[in-house]
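The values are calculated or read from the model by the stated rules, or taken from the named source; none is laboratory data. Remember, predicted model here, so these are calculated numbers, not experimental data. Cβ coordinates were reconstructed from backbone atoms using ideal geometry, including for glycine residues, and neighbour counts include every protein chain displayed. Heavy atoms of the whole protein, side chains included, go into the accessibility calculation; ligands, DNA and RNA do not. Shrake-Rupley method; radii C 1.70, N 1.55, O 1.52, S 1.80 Å.
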Amino acid sequence: MSPLDSWPPEITLVVYGGPLLLIFVGMVFSLYIDRCHLADILAALRNSRYIVFWAAGLSSQGRLGRLMLIAKICGMVLCPKSGIRAGELDPDDIRNFPVHLKRLLIAKTTLMVITLVWGVLAYALLKLK
């Protein structure tokens, strides 16, 4: 018997349904970044060969490819040290990356981490007996 079985159904719905709602919100937010800001992000990273290489391949793969490109860009822009060391990212591109775009990428990554942690906790509560 799960500890949530004795809780009100509203609380159980929030604990178990929250990650699903956050997944949906994250997808909508990624689509917003794709639709409104992806061109500006790619322009800001035009000297980074990693981004240019993946943008050429994934941009032509439709919406799913562009969402994967946004996820790759989030990882490379928010943790750039290994990419700079490997020569895949231009240090000037990262240094001059627009702050408002970086905030969007931080918000997307934060939402993804919160969704993952909440989902793992909900799964652990479900398996707890």
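Among the conditions (1) in contact (Cβ under 8 Å) with a residue 24 or more places away in the chain; (2) within 19 Å of Ile106 (Cα to Cα); (3) open to solvent by less than 50 Å² (accessible area, probe 1.4 Å), Asp90 misses just one, which is (2). The number of residues in region 94-129 that are surrounded by fewer than 19 Cβ atoms within 10 Å (Cβ to Cβ), assigned to a helix (DSSP H, G or I) and touching a Ser or Thr at 6+ places or on another chain (Cβ under 7 Å) comes to 2.
Answer yes or no as to whether Met112 is of a type outside the set (Lys, Arg) and touching a residue at least 40 places away in the same chain (Cβ under 8 Å). Answer is yes for this residue. Looking only at region 72-82, decide whether some residue is under 23 Å from Pro19 (Cα atoms) and surrounded by fewer than 17 Cβ atoms within 10 Å (Cβ to Cβ). Yes, region 72-82 contains at least one residue that is under 23 Å from Pro19 (Cα atoms) and surrounded by fewer than 17 Cβ atoms within 10 Å (Cβ to Cβ).
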